[in-house]
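K.L.:
Below is a structure I'd like to ask you about.
The values are calculated or read from the model by the stated rules, or taken from the named source; none is laboratory data. All of these numbers come straight from a predicted model, not from anything done at the bench. Counting neighbours? That spans all protein chains shown, and the Cβs are built from the backbone with ideal geometry, glycine included.
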Amino acid sequence: MRLEDSPREGLEQRKEHILHTLYYLAVEHGESSVSVDHVEIRRHNGEALHALEDEGVVQIDDGRVRLTTTGEQLGADAVRRHRLAERLMSDVLGIPADAGEYIAGEMEHIVCSELTDSICTLLGHPSECPHGNPIPPGRCCQEGAQAVETAVIPLSQMKAGEKGTIAYLSSGPVAQTMPGRHGRRHGPGAGRSQGPSVPTPQGRGRRRVAQLTSLGLFPGEEVEVLQTSPVFVVRVGGTMLALDRDLASCIRVRRSTGERA
């Protein structure tokens, strides 16, 4: 099946869109194969699907397509670039997640692996995109790279007296080596925010986020750390709150200028 090539997309971009979709469906949703008539594959196909087959990235059999081992890695890379770009737009530039979606989609196609790792390290190896979808870990995550100072850190890593702005609430404590958490998911055609995940008890992350918001902790709120032991005591607005380390680790903070160690 070959559709008309889109004049607005190059072949390489269409190939990455298809890999992104297949990775989302196969790795995150456990579909062993996907119909070549799937709406997202048809939308980006043209010559792309058969080009991927010729390269050994996908296998097509009886109208079904599946990723090869190489294809799975390439799909993870595409998803990783997209979700890190979303995180960069949100955490560093302060662009709302939905508003930065188009830019993230463009960056997915042009950012090289070295720059991807640099962005990941800058952001503190985030485990989720702003929509709560897991970000595939890279080599820098596994090596615990600290080449640059992180722009956003867990509140649990802040010291007494430091201040900052809540960037986002994570559904789980900060990952040490292999980030990745289940979160709410968009389908492959809705923002294309997909990626692999490390299983966690279902619902635990949602309860953590709900607990934090019930305490008045929302993105954009100013927060000051008053003490870190035996529990974290923070000031948010005119309210002081006591948090255990796990909850504090779920609050990702952009430290104020001049507050960084």
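K.L.:
Could you tell me whether any residue of the stretch 49-69 is at pLDDT 85 or above, within 18 Å of PRO136 (Cα to Cα) and surrounded by 14 or more Cβ atoms within 10 Å (Cβ to Cβ)?
P.N.:
yes
K.L.:
To continue, here is another question. Do we have any residue at all in the stretch 95-113 that's modelled with pLDDT of 80 or more, buried (at least 20 other Cβ atoms within 10 Å of the Cβ) and either out of contact with any Cys (no Cβ under 6 Å at 6 or more places or on another chain) or in a helix (DSSP H, G or I) (or both)?
P.N.:
Let us first name the residues in the stretch 95-113 that are modelled with pLDDT of 80 or more, namely none.
No: zero hits.
Table: residues versus (1) assigned by TED's automatic domain parsing to the domain that holds SER170; (2) part of a loop (DSSP other than H, G, I, E, B); (3) under 20 Å from the mean Cα position of the chain (by Cα).
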position	(1), (2), (3)
PHE218	yes, yes, yes
VAL223	yes, no, no
LEU226	yes, no, no
PRO230	yes, yes, no
VAL234	yes, no, no
MET240	yes, no, no
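K.L.:
Something else: Please state which one of PRO136, PRO179 is assigned to a loop (DSSP other than H, G, I, E, B), under 12 Å from the mean Cα position of the chain (by Cα) and at pLDDT 65 or above.
P.N.:
Details: PRO179 fails: at pLDDT 65 or above.
Only one candidate qualifies: PRO136.
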